[in-house]
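Written below as structure tokens is the structure these notes are about.
The values are calculated or read from the model by the stated rules, or taken from the named source; none is laboratory data. A quick note: this is a predicted structure, and the numbers were derived from the prediction, not measured. Here Cβ is always computed from backbone atoms with ideal geometry, including for glycine, and neighbour counts include all displayed protein chains.
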Amino acid sequence: MNLFKKFFRPKSSQSEKEIKSNDRGKYMPELKLPIDEKFTINFKANGGKFLYCDNLDEVYENFNNIVEENRWHEKRGLIIDDNLLAKFKYCSMIPSKKTNGATYFLTTCENLIATDGSLLISSNQIATKKLPELPFNLIVFATTSQIVDNIGEGLRLIKSKNKQHIPSNITTIKHFKSADEKDFLSYGSSAKNLYLLLLEDL
């Protein structure tokens with residue numbers, strides 16, 4: 001999706017005018033952004049750190065940069081998924097299966113939800129663990145084909161992919177920074193420091 005590249009380029013003043021809904025008539029329909037752009041805007045608004053990757057080499061390079069930037073070379077990284085561990089085996093990390101003592105959690109997700117910029121996860125990623133049990137720092141590896149418009153669409157995809165055994169413990173991760181005390185909608189949620197490694201696969 002070249003829209004991600006377009007998103008990170010400075011927009012001309014003309015294109016900014018086109019996006020502002022305030023300049024449109026009162027009864028004109030809202031401009032509908034493509035779901036990838038909508039996800040990116042909402043994800044960043046939630047406080048997430050977004051790293052777009054053209055290929056797997058860029059994914060590994062960005063992962064190593066995250067580890068280096070945060071000085072996690074000698075820290076343990078929780079990885080539950082064996083397939084993901086095999087994929088990242090040559091990266092700079094000390095993998096662990098235990099949450100105790102883990103500084104960060106490397107995982108995949110079920111889907112990326114454009115409507116609110118959240119990540120849909122299940123027991124496929126976190127087993128029986130609850131969000132507060134996971135390390136504060138999350139590194140999520142996902143692909144552009146996993147972006148869906150809303151949670152309902154994401155749940156339908158989970159059901160269709162797992163017809164024999166629908167995963168349990170389905171939840172969303174939405175708050176990627178300390179929740180504002182004045183925002184009652186985020187009260188009681190488990191805020192995380194989240195990095196998203198998004199691989200272009202469309």
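Is it true that ASN100 is over 27 Å from ILE158 (Cα atoms), assigned to a helix (DSSP H, G or I) and out of contact with any Leu (no Cβ under 7 Å at 6 or more places or on another chain)? Judged against the criteria, ASN100 is not a match.
Please go through region 117-162 and give me each residue that is part of a strand (DSSP E or B) and closer than 24 Å to MET93 by Cβ, ordered by number. Within region 117-162, LEU119, ILE121, ASN137, LEU138, ILE139, VAL140, PHE141, ALA142, THR143 meet the criteria. Of the residues THR103, THR99, which single one is at pLDDT below 95, more than 30 Å from ASN150 (Cβ to Cβ) and not small (Gly, Ala, Ser)? Testing whether each residue is at pLDDT below 95, more than 30 Å from ASN150 (Cβ to Cβ) and not small (Gly, Ala, Ser) leaves just THR99. For region 170-202, a tally of residues being at pLDDT below 80 and on the phi < 0 side of the Ramachandran plot returns 16. In region 40-98, the qualifying residues are those that are under 25 Å from THR172 (Cβ atoms), in contact with a Cys (Cβ under 8 Å, 6 or more places away or on another chain) and not polar (S, T, N, Q), and the one that is surrounded by the most Cβ atoms within 10 Å (Cβ to Cβ) is PHE63.
Using the structure shown, decide if SER122 is among the hydroxyl-bearing types (Ser, Thr, Tyr), surrounded by 16 or more Cβ atoms within 10 Å (Cβ to Cβ) and touching a residue at least 60 places away in the same chain (Cβ under 8 Å). So SER122 fails the test. Of the residues that make up region 20-31, is at least one among the hydroxyl-bearing types (Ser, Thr, Tyr) and either modelled with pLDDT of 95 or more or touching a strand residue (DSSP E or B) at 6+ places or on another chain (Cβ under 7 Å) (or both)? No, region 20-31 contains no residue that is among the hydroxyl-bearing types (Ser, Thr, Tyr) and either modelled with pLDDT of 95 or more or touching a strand residue (DSSP E or B) at 6+ places or on another chain (Cβ under 7 Å) (or both). In summary, GLY101 fulfils each of the numbered conditions (1) of a type outside the set (A, V, I, L, M, F, W, C); (2) touching a residue at least 12 places away in the same chain (Cβ under 8 Å); (3) on the phi < 0 side of the Ramachandran plot with the single exception of condition (3).
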